[in-house]
Amino acid sequence: RAKYESLFLLTGPLSEAYAHWFHDYLPRLAGFDQLRQRGHANLKLLIQANPPDWMLQSLRALGYQSSDLVEWRGGSAVVDELYVATGRWARNQTGGTVGDHVHSTGYEYRHRIIEACVNKDESKEGPNVLFISREDARTRRIINRDALIDALHAYDPTVESMSELPF
């Protein structure tokens, strides 16, 4: 049976969904960072087993190393301290949560990732129109995808599938 001193839960039912990873899970790293700053040097991030490359790359872009991670492979384990962070949501003027808005912490982590990953070479030009395809998605597919791409033809679109792009 595995034994761990201190783990911070960064996995859950939607953690392997790209958008939920950025919207729901990465903002929780603020709690992890605060605990580390308070002296929890042995604290590790508990992530799913066999995480997708983009998940590992997003964590690397934020400065986390493979030594900071523990992949959960199931089974039983003994954990002395387990930290479970809740999601962070923006608040409306009356104090209630606004479920469709990311807390400002989420934007801070997103901007840190962009700064770490963006190509600083300004001489490169991108496409005029970039169409992100959902052809391999299980839900929310575009029914008239081909007609939409045909309508964009005059703009010489670049068609990409998110699952095939590097982080």
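Where a number appears in this text, it was derived from the coordinates with a stated rule and is not lab data. All values derive from a computational prediction rather than experimental measurement. Neighbour counts run over all protein chains shown; Cβ positions are idealised from the backbone, glycine included.
Couplings 3J(HN,Hα) for the stretch 128-144, derived from phi with the Karplus relation 6.51 cos²θ - 1.76 cosθ + 1.60 (θ = phi - 60°), are 5, 10, 10, 9, 8, 7, 10, 4, 9, 6, 7, 9, 6, 7, 8, 5, 9 Hz, where x marks Gly and Pro. Between amide H atoms placed 1.01 Å from N, distances below 5 Å from Trp72 occur with Ile47, Gln48, Ala49, all of them 5 or more places distant or on a separate chain. Could you list which residues have their amide H under 5 Å from that of Phe8, counting only those 5 or more apart in sequence or on another chain, with H placed in the peptide plane? The list, which skips near neighbours in sequence, is Lys44, Leu45, Leu46, Tyr83. Here the spin labels are modelled as points 7 Å beyond Cα on the Cα-Cβ line, and at Tyr155 and Ser67 they lie 4.7 nm apart.
The residues neighbouring Ile132, those whose beta-carbon lies less than 14 Å from its own, together hold a net charge of 0 under the Lys/Arg +1, Asp/Glu -1 convention. Say R0 is 41 Å: what FRET efficiency, to the nearest 0.05, do Thr86 and Ile132 get from their beta-carbon distance? After rounding to 0.05, the efficiency reads 0.85. Taking each residue as 0.36 nm, the span from Tyr107 to Ile142 lengthens on full extension beyond its C-alpha to C-alpha distance by 9.8 nm.
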